[in-house]
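Working notes, beginning with the structure itself.
The values are calculated or read from the model by the stated rules, or taken from the named source; none is laboratory data. These figures come from a predicted structure and were not determined experimentally. Note: ideal-geometry Cβ built from the backbone for every residue, glycine included; neighbour counts use all protein chains shown. Side chains are part of the model used for accessible areas, which takes the heavy atoms of the whole protein and leaves out ligands, DNA and RNA. Shrake-Rupley method; radii C 1.70, N 1.55, O 1.52, S 1.80 Å.
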Amino acid sequence: MSSSKIIVAFDFDNKTDALSLVKQLDPELCRLKIGKELFTLYGPDIVKQVQDSGFQVFLDLKFHDIPATVSKACKAAANLGVWMLNVHALGGANMMRAAIEAVQDSAHSPHLIAVTLLTSHNEQELHQLGLTGSVHENVLRLASLAFESGLAGVVCSARETILLRQKISSDFLLVTPGIRPVGVASNDQQRVVTPHDAIINGSSYLVIGRPITQADNPAAALQQIITSLPI
Ligand code: C5P
């Protein structure tokens, strides 16, 4: 079982490329995040194939529905044996409590975390949705709600971890995308943080996609990132 802080975002539109990367990476050195595209294409089979190769899976489906429906979806995901899964905090406290009860009952008891705000939302969009206050205020409120609802952590920007660590318990998981090693293309990520700084600032796990998946040598890129982390 891996103790690595790296979760590789397994964003592929075909099984050939996905399984080719599985062969190149060491499950001791990372976990894999399977999202909506790969799961919609290949379903539980791709999760099982990846797990059969020794990898722990973060199933990133961001459930958001009425409590009964989310509860059943979380139970189904937990029964797949995934290591981590997530829901939207905007689904509310009742939905998050139903979700946590569902996974706690499962044999595997995965980490259930919440998405606070999508990083694609700016303040203007929040106000259109009726969410007053700044992005940071909304992130903090939703992360606190996830914590009080019993969830294990949140997905958040690595620029929000210092604020969240000041306000919420130190064992609350902060899972951060938007990570780029020094000198690597930021692609469409707006405000990136290096793997080293993200850990220093309180990230529990780093979600990293293209700097590894699109590298000429993904295993070497992963190793370089691990080497750059504080001890
Ligand atoms: O390739 P890259 O490292 O940018 O991939 C980051 C991963 O994290 C992608 O799967 C993306 O969907 C996800 N993500 C993100 N920002 C968020 C939430 C998730 O980049 N706020």
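General observations
- Probe 1.4 Å, all protein chains present, accessible-area order of I231, I225, I199, largest first: I231, I199, I225
- Spatial separation of Cα centroids for the range 172-207 and the range 1-23, in angstrom: 18
- Rh by Kirkwood over Cα pairs, then Stokes-Einstein D for the range 126-195 at 1.567 mPa s and 4 °C, µm²/s: 97
- Ranked from largest to smallest solvent-accessible area, with a 1.4 Å probe on the protein heavy atoms, T194, T132 come out as T132, T194.
- E148 contributes an accessible area of around 140 Å² to the protein surface, as traced by a 1.4 Å probe with all chains present.
- Seen from K23, the other residues with C-beta closer than 15 Å to its C-beta sum to a net charge of -3, counting Lys and Arg as +1 and Asp and Glu as -1.
- Stretched out straight at 0.36 nm per residue, the stretch from D26 to S228 would grow longer than its current Cα-Cα span by 71.0 nm.
- Choice from G133, G178, G202 with maximal GNM fluctuation in the chain (Cα, 10 Å cutoff): G133
- Of the listed residues D171, D11, the order by accessible area with a 1.4 Å probe, largest first, is D171, D11.
- Solution diffusion estimate, µm²/s, Stokes-Einstein, the range 6-228, Kirkwood Rh from C-alpha pairs, 25 °C, viscosity 0.890 mPa s: 138
- V135 exposes around 40 Å² of accessible area when a 1.4 Å probe is run over every protein chain in place.
- Using θ = phi - 60° and Karplus 6.51 cos²θ - 1.76 cosθ + 1.60, couplings along the range 58-63 (whole Hz; Gly, Pro as x): 9, 8, 9, 9, 6, 5
- The chain: most fluctuating residue of T176, T16, T119 per GNM, C-alpha cutoff 10 Å: T16
- Share of alpha-carbon pairs per 5 Å distance bin for the range 77-187, given as whole %: 2, 12, 21, 21, 19, 13, 8, 4, 1
- Mean residue ellipticity (222 nm) of the chain, computed from DSSP H runs ≥ 4 via -39,500 (n - 2.57), nearest 500: -12000 deg cm²/dmol
- For the Cα trace of the range 22-147, dividing Rg by the Kirkwood Rh returns an Rg/Rh value of 1.02.
- Here the Gaussian network model covers the chain, with springs between Cα atoms less than 10 Å apart; of P27, P44, P195, P44 fluctuates the most.
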